[in-house]
Structure formats: C-alpha cells, structure tokens
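Coordinate-derived values only; no laboratory data. As the structure is a prediction and not an experimental result, all values here were calculated from the model. Reconstructed Cβ throughout: ideal geometry from the backbone, glycine too, with neighbour counts over all protein chains shown.
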C-alpha cells in the first residue's frame, strides 16, 4: 500500500490505517509520527505488516505540488518497488489531494511500468512474477472522476509503450517493410482503423523520389505507411494529419557518421514510432474523430546504389533538392510526406522527426524544438506539451533561414545550410518549402497550418525524465493526443 504524503507531516493522515489490523495500525501510526519521514519530495518509509507492506512517499508542499511533481513522484515510487513482495499495488490518497494530482501520480506509475527485455534470456530459476495491478483509493467524492482519469491515462499509455517498443527494436528486427507489416497487423479486427502500405514499387509509381533516394542504398527498401482513424466520419471536413520520419537505421549513408554513438541510430525512426503510438492511444481511448497519419520509412545505408553528396534528386512535390550531405536524410523523406499530407486537405499538419543534432545542442534532452508557420497552432502545441510535461520549445522560423535553404545554384532547395550555425532552424526552413498553399474563403492563398517537432533530444537519452527507465521515450504521444482530442 502506497500512501503519498505532503510535507511537514507530523502524524499519520486521516484514514491511513483503515482496513489494517490493530497491531499494524499501531506500527504504521508510530512510523508516521517519527522523524524518519516528514513528507519531503523523494523521502520514503516502508513499514512491514502481516497484511501488506505500507510505504509512505513524500511529495512535498501541498500548495506547491504540480501535475509534473505528482507524476514524477508516482514514477519514482514505482521504480523502487520490488515484485518480491507481491504485484498488487494500492495507492491510498488521504486528506488534501486534488483529483488531477491523484491522477497524475497514478499516471506516473503507469508510464514507468515499462521494460524492453524481449531479446534477453531469462534465468532458468527465474519465475515470472506477473504484471503489476493498480488500485487507487480516495474519498468517495473523487472516485468517479479519478477512476475515469486513471483509465484514460492507462489507455494513452498503451500508445506510449508501443512507441517505445518500436523505437527500442534493433534495426535488424525492425526495418521499413517490417514496420509496415506490424501496422497492418495492428489494424486487423479494428473496424474504425485503416492502414495502407506503399511498397517500393508503389513509391516509384507515385514519384516519391525523396523517400526512394534515401532508402535505395539498403537491401531493406523504403515504404510509406498511411494510418486512418475513423475514415468514414467527418466527410468533407478538414482533420489533422500527423507525419513521422522513419529512418529505421541511419549510418549517414555516403556521408557516414563516426562509429562513436552510431549504435543509437536505431532510434532515428522515433517520429514514425510516435505516429504509430498516437493512433494506438487515440483508438484505445475511443476517440471518434477522423485523423490521418503518414510515416516515411527508409534505412540510410552506404552502397554502390546509395545517393551521393552533390546529387540532385526529384521529390513528389516536383521540386528538386541538391544534396550537400546524405546524413541530412530525414528532411528528404519528409519532403514527400509533407507534400502528400497536404493532398488530404488537413486542418493542420504536424511532423515529428529526430532531425538534427543542432537541436540537442540548443535544448539538450529537456525539450523538443517547435517551429510553425501558424501562431495559433504553435501555441496550442506548446500548451499541450506543458500540460503533459513533454516540453515543446518555440523556435524561430525566420525568412533568412528560408533564403539560405533556397539558395542552391543547381536545384530548388538545398538539404544543408551554408554553415554549422542554426542547423535546427535551417532544417525547419527546408521542411517549410514542402508545405502546400491553399485558397482560403477570402480567395487569398496561404500555407496550410503546419508545425515541426524536432525530437532528436527527447526521443531517447532523456535521463531527467522520471517516467522512462531507459531507451525510447514515446515522446509526444500524449501531447498530440491532447492536442487532437481537445479540438
């Protein structure tokens, strides 16, 4: 039994010992009144009783507790638990708790309850202790709202964990065609879901040369995967389209990366992992609106067939790209995905990509970079990210960056800036060239609202994220779920 307690605790809160025997109640009350725990953040105190182990967990000042603080406290609590004492968790919220903070504490536990060990051999003597179960107890006036919130958090977490699974898969196990196969398998039996995979032949037929150029150097040929939720509803209405970069492994191609750190380039498909996870989360929570998704899948390898620096490649848009670096491949595949997204007449487009090391230099692992051609959309994504503690930091999309990326002497667009400065900004400016215009009600043409999330620093390696033990984070599944469902 977990009992989260606020700071300056001098005695056991009301209802702490309900259901415990007399001896256990005395021991628990004595422990709560001791100097061993005061309720400061990070403190904990375990009291063994015959019926269960009672653990007090400090969460700090009641008036200062935020959703993030409660969520992190729940995640850290789960991380310290051992199944040797059992797998049934009861969280008892006592006096002073708000429903939203209780739900956040439980959500932190649910998000942290993840591991990726499918390729590890189990000890012969090891026994599967089963999955955690979670029960939340609170005053009757909170129970209905709390139950609904925890159920929703659990459903969304299935999408977060799916995104982590995809990101953590090694590239020899998850390559473009395999991603497509898993997407088709996921859609089976779901009446309100459609998945379509464009294989290499279809890409060639459609003229998706941005994706083809990046992926043709690998024996694992590229593909494009389309997700459609509730495709038969909201006919004639504009709905969101989410686009993901899906480089299942990025060697850099001919512009090959140094060996140090290359192992983690299996995570370079996390944009597409987030798109897949988002559709799982939307489906699991019963969202009834229509949503489209596109993932651009390729493996960037050096070979006799690989594209080269100095090449000029065609794209689905009809625009050409001069290649300065084959390691700037993500923007090339997204050029096709973004142009295709516009053909679906979306209300807005959001793309996610582990696009630039420059973004990690700028923001570390604490926030994703956020660029947009639409102030309202940028603000909404920023606010949604803040609400779920997946920070999306607004970055500049200046005309000078666009001018730099359209200054090629040989093509319409160049895939590299003129220098190392502002690399994340010039990458966003490149993508903007592939967002289509459309005519408004006033007869004026303007670009479709679009936002770009550079998740290179937040998709993995986020050591300060209490809800993730290691590996892929599933970042922005929750942000985009909130953005879409609050429309």
Relative to the longest principal axis of the chain, what angle (0 to 90°, nearest 10) does the C-alpha long axis of helix 176-187 take? 50 degrees
Angle check, please: helix 330-342 long axis (alpha carbons) against the longest principal axis of the chain (alpha carbons), in degrees 0 to 90, nearest 10. 90 degrees
Can you tell me how much longer the chain between residue 148 and residue 135 gets when fully stretched, taken as 0.36 nm per residue apart minus their C-alpha distance, in nm with one decimal? 3.4 nm
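Could you calculate the FRET efficiency of residue 172 with residue 375 from 1/(1 + (r/R0)^6), where r is the beta carbon distance between them and R0 is 51 Å, rounded to 0.05?
Efficiency computed from Cβ-Cβ geometry: 0.70.
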Which labelled figure in (1) 29.8, 95; (2) 23.7, 93; (3) 24.5, 84 is Rg and Dmax of the Cα atoms in Å, once derived from the coordinates: (3)
With labels modelled as points extended 7 Å from the Cα through the Cβ direction, what inter-label distance (nm, one decimal) is found for residue 237 paired with residue 29? 5.7 nm
Measuring from label point to label point, each 7 Å out along Cα→Cβ, what is the residue 83 to residue 119 span in nm? 2.2 nm
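Set the Förster distance to 41 Å, then compute FRET efficiency between residue 14 and residue 437 from the Cβ-Cβ distance, nearest 0.05.
After rounding to 0.05, the efficiency reads 0.10.
What ranking do 477, 350, 57 get, fewest neighbouring Cβ atoms within 10 angstrom at the top? Mind dumping the intermediate values first?
Working: 477 31, 350 27, 57 23.
Least crowded to most crowded, the residues run 57, 350, 477.
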Please report how far the C-alpha centroid of the stretch 9-69 lies from that of the stretch 86-122, rounded to the nearest whole angstrom. 17 Å
Can you give me the relative contact order of the chain as a percent, contacts being Cα pairs under 8 Å and 6 or more apart? 15 percent
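Quick check on the exposure proxy: order 314, 35 from fewest to most C-beta atoms within 10 angstrom. Before the final figure, lay out each step's value.
Values: 314 17, 35 6.
So the ranking, lowest neighbour count to highest, is 35, 314.
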Where labels lie 7 Å past Cα in the beta-carbon direction, separation of residue 366 and residue 194 in nm: 4.5 nm
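Please report the antiparallel percentage of DSSP beta bridges with both residues in the stretch 156-485, rounded to the nearest 5.
Numbers: 23 of 46 bridges.
Given both bridge residues lie in the stretch 156-485, the antiparallel proportion sits at roughly 50 percent.
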Separation of alpha-carbon centers, the stretch 428-485 and the stretch 224-239, rounded to whole Å: 19 Å
Alpha-carbon centroid distance for the pair the stretch 153-206 / the stretch 294-320, whole angstrom: 22 Å
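Exposure proxy check: 22, 380 ranked by fewest other beta carbons within 10 Å?
Working: 22 8, 380 19.
Fewest to most other Cβ atoms nearby, the residues stand as 22, 380.
At 0.36 nm per residue, minus the direct Cα-Cα distance, what do residue 325 and residue 62 gain on full extension? Give it in nm, one decimal, please. Walk me through the numbers on the way to the answer.
Numbers: separation 263, 0.36 × 263 = 94.68 nm, distance 5.25 nm.
Full extension from residue 325 to residue 62 adds 89.4 nm.
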Give me the angle, in degrees from 0 to 90, between the Cα long axis of helix 140-168 and the longest principal axis of the Cα atoms of the chain, rounded to the nearest 10. 40 degrees
Taking every DSSP beta bridge with both residues inside the stretch 228-366, roughly what % is antiparallel (nearest 5)? 30 percent
